[in-house]
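A short worksheet on the structure shown next.
The values are calculated or read from the model by the stated rules, or taken from the named source; none is laboratory data. Predicted model, so just to flag it, every value in this text is computed and none were measured. Here the Cβ positions follow ideal geometry from the backbone for every residue, glycine too, while neighbour counts run over all protein chains shown. Heavy atoms of the whole protein, side chains included, go into the accessibility calculation; ligands, DNA and RNA do not. Shrake-Rupley method; radii C 1.70, N 1.55, O 1.52, S 1.80 Å.
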Amino acid sequence: MFGENKVQELVDKQESLPKDIEWHMIGHLQRNKVKYIAPFVSLIHGVDSLRLLRAVNKEGAKSERVIPCLLQMHIASEETKFGLDEDELFQLLESEDYQKFGNVEIRGLMGMATFTDDKEKIAGEFRTLKNSFDRVKKKYFKDRKEFSFLSMGMSGDYDIAVAEGSNMVRIGSSIFGERNYL
């Protein structure tokens, strides 16, 4: 599995690298860019609104496929992070729109902890997400095995995330080094 956090880089890499790679969109996704990845993306990690999920469903229909997604929850104390709170998550899952979508499949939840050295704070945020995952699984996806992914943890905090129940981590800079955006 390879992940990319920028749509254009994901598209470029998908076109030039071997076709057996499973591509994940792990960054913030704008609605107007879904069309570029809909034909091939294996999992979209950061669906943070009903409006974005609606766009994914629409582009999935155009590509004649069901697009797997993770719903992103806002667990960090930083306002710059994206995601749903638990009330918004429940509203989305109970909405008429979502009930009618035939080209998306919710596979789990995703979240990003606060960027801090405070390991207890990070662990608490991950624990909050794990508790939400358990509640959502029990209430909405009880008998659906496909709802199984809890994506939390990156290079700097994946060990804490795994200890708190993550079964999918996003490791990039530990493997490839820090990104150079120049």
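Set side by side, the residues Ile75, Ile37, Ile106 differ, and just one is under 14 Å from the mean Cα position of the chain (by Cα), of a type outside the set (Asp, Glu) and at pLDDT 95 or above, which is Ile106. Scanning segment 29-42 for residues that are under 22 Å from Ser95 (Cβ atoms) and either among the small types (Gly, Ala, Ser) or open to solvent by less than 80 Å² (accessible area, probe 1.4 Å) (or both) yields Leu29, Val34, Ala38. Taking segment 100-114 as the range and being open to solvent by less than 30 Å² (accessible area, probe 1.4 Å) and either touching a residue at least 40 places away in the same chain (Cβ under 8 Å) or closer than 16 Å to Val34 by Cβ (or both) as the test, the residues that pass are Val104, Ile106, Gly108, Leu109, Met110, Gly111, Ala113. For segment 160-172, the criterion of a residue being buried (at least 19 other Cβ atoms within 10 Å of the Cβ), among the charged types (D, E, K, R), at pLDDT below 95 and touching a His at 6+ places or on another chain (Cβ under 8 Å) is satisfied by at least one position. Condition first: surrounded by fewer than 17 Cβ atoms within 10 Å (Cβ to Cβ) and over 15 Å from the mean Cα position of the chain (by Cα). Now tell me which residues in segment 7-28 satisfy that. Within segment 7-28, Gln8, Glu9, Asp12, Lys13, Glu15, Ser16, Leu17, Pro18, Lys19, Asp20, Ile21 meet the criteria. Consider only pairs whose beta carbons are under 7 Å apart and that are at least six residues apart or on different chains; among these, list those whose first residue lies in segment 4-18 and is outside any helix (DSSP H, G or I) and whose second residue is open to solvent by 40 Å² or more (accessible area, probe 1.4 Å). From segment 4-18, the pairs are Glu4/Lys13; Glu4/Ile26; Asn5/Ile26. Screening Leu71 with (1) open to solvent by 20 Å² or more (accessible area, probe 1.4 Å); (2) under 19 Å from Gly3 (Cα atoms); (3) touching a strand residue (DSSP E or B) at 6+ places or on another chain (Cβ under 7 Å) gives one miss only, at (1). One residue alone among Asp97, Asp87 is of a type outside the set (A, V, I, L, M, F, W, C) and within 16 Å of Phe133 (Cα to Cα), and that residue is Asp87. Considering only residues that are outside any helix (DSSP H, G or I) and closer than 30 Å to Asn131 by Cα, look in segment 53-68 and name the one that is most open to solvent (accessible area, probe 1.4 Å). Once the filter is applied, the top-ranked residue is Val66.
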